[in-house]
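> After the structure tokens below, expect a handful of questions from me.
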Amino acid sequence: MTQNSGMQRRRVVALVATRPIPAGRLWLGLTALVTALLALTWASAVQARSAPESFADMVENLLPTVVNIQTRQTIEGGQAEEFEEFFKEFFERRGQGGEGGEPPPPQQRRGSSLGSGFIIDPTGYIVTNHHVIAEADEVEVVLSDGTSLDAVIVGSDKDTDLALLKVEAKKPLPSTTWGDSDATRIGDWVVAIGNPFGLGGTVTAGIVSARQRDINAGRYDNFLQTDAAINKGNSGGPMFNLDGEVVGVNTAIFSPSGGSVGIGFATPSSMAKNIIAQLRDTGEVRRGWLGVRIQNVTDELAEGLRLDRPRGALVAAVTAGGPAEDAGIVQGDVILEFDGREVSEMRRLPAIVAETAVGSTVDVTVWRRDGERQMRVTVGELEAEQMAAAPPTDTPREAQPSDMESLGLALGTITPELRTRFSLDEATKGVVITEVKEGSGSAEKGLKAGDVIVEVDQEEVSTPSDVVEKVDRAKSEGYRVVTLLVFRQGDFQWVAVRIDQS
């Protein structure tokens, strides 16, 4: 349609809006408007799918894709490890057992465990949990029709508790398809199928109770939480959406009693799909590495960094020669987005980076000194000794020689005497804290004598007057908080300290 016709449409709208409307037409128009609004409301509501009258049709097709996994392993001793020393002492005191009063040699016994899994390829590839098959000597897969097949472990990843098995079947097996866990919303219906307590294929239904749950299982925690009943033996089984797609791998439950209390956790398909693909291709997992130590952005740090709200991952240190340094990311940057994915909080970044293909070049958005900047980072590979994230983000403790009353600190230029007093090496630069006033904001943040202030509000400082000038400037501009980059015993930490306004 031409630009003129668009102008004509706008004129028509203007004319209708200004021309008097008869009462009858007005009523009809309002009726039509209300009807249209109701239709729009209904259309919006149907996007959030309600539960079907029955899950039977869907489950009938999915049950054959879920398997029972049985493992066997040799266990030494026959008694729990915690009693080993007790019995050793018992036999030694009484001179019983083997020669020299030693207890009898440990006996071997066979142990077994039960879990669940699901077929992802008709040729016999099966997904389960790492903990289901860990340390197993033999793995057996039982199909829904009762057929038992020996399985080999293709690969396993302890960090995400995922494993991939392979069986050889005489015919193609029914298989599942991956769904998009990122598209699931809190309140969406899900169906879990597994093998609780060795009973065989069991179906439960519920909703997604929460997303991105951290249950302290590891550094890549990012679980879907559900109230669908999950019990022992469900581990490794699939969680399906209403389209019959796998959106999660049932992994853990919260339970004081060992049974389901309606709080179960599943590894999201967005993570599992990538891990399983790597295990299938190479038998191992390669994880992305950025080369930064990070910390959480608190309310006070957000204020000090001039961020609109607490979000992102604050860079406390950058690894020399790492991908972040090569891309121009510096200490004090706040990483807001990585490869198009929002970093809503610090703990999200390690998982996002780890899931990113090694060697890929991605866009990164950082916050630096009152504005966003765009970077391009080529992702490295995380080695065993490296960490994509910082250790726990406890704030430094202790603080203060030139008095900095508004922060409750005494500051000093680093001299040979102070280097010796506080065990600072020759490479340490900045302003040393020689004393901290009791009850001050700095004391509350745990600053202590011997800490070295390297930056104030992301600007380097080398003398106490530098610190005073930058704090006074922030105070005059109406800011209540300054951010200090503090160096202590080889580690950097960002600390937000409230300025005393008196």
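Read the figures in this text as sums done on the coordinates, not as results from a lab. These figures come from a predicted structure and were not determined experimentally. A quick note on method: Cβ atoms are made from the backbone with ideal geometry, for glycine too, and the neighbour counts reach across all protein chains shown.
> If only Cα atoms are counted, what is the Rg of region 159-264, and what is its Dmax, in Å?
Expressed in Å, the Cα Rg and Dmax of region 159-264 come to 14.0, 43.
> Now a separate question. List the lysines whose Cα lies under 21 Å from the Cα of LYS273, skipping any in the same chain that are fewer than 8 positions away.
LYS158, LYS166
> Spelling out what I want: for every residue of region 219-230, take phi, set θ = phi - 60°, compute 6.51 cos²θ - 1.76 cosθ + 1.60 (Karplus), and round to whole Hz; glycine and proline get x.
Per-residue couplings from phi come out as 6, 10, 4, 6, 8, 7, 9, 9, 9, 4, 4, 10 Hz.
> On to the next question. Compute the relative contact order of region 162-211 as a whole-number percentage, counting only Cα pairs closer than 8 Å that sit 6 or more residues apart in sequence.
Relative contact order here is 31 percent.
> Let me ask you something else. Students often forget the sequence filter, so: which lysines lie under 25 Å Cα-Cα from LYS445 once same-chain residues fewer than 8 apart are removed?
Once the sequence-local lysines are set aside, what remains near LYS445 is LYS429, LYS437, LYS470, LYS475.
> What does the charge count near VAL203 come to, summing +1 for each Lys or Arg and -1 for each Asp or Glu among other residues with Cβ under 15 Å from its Cβ?
-3
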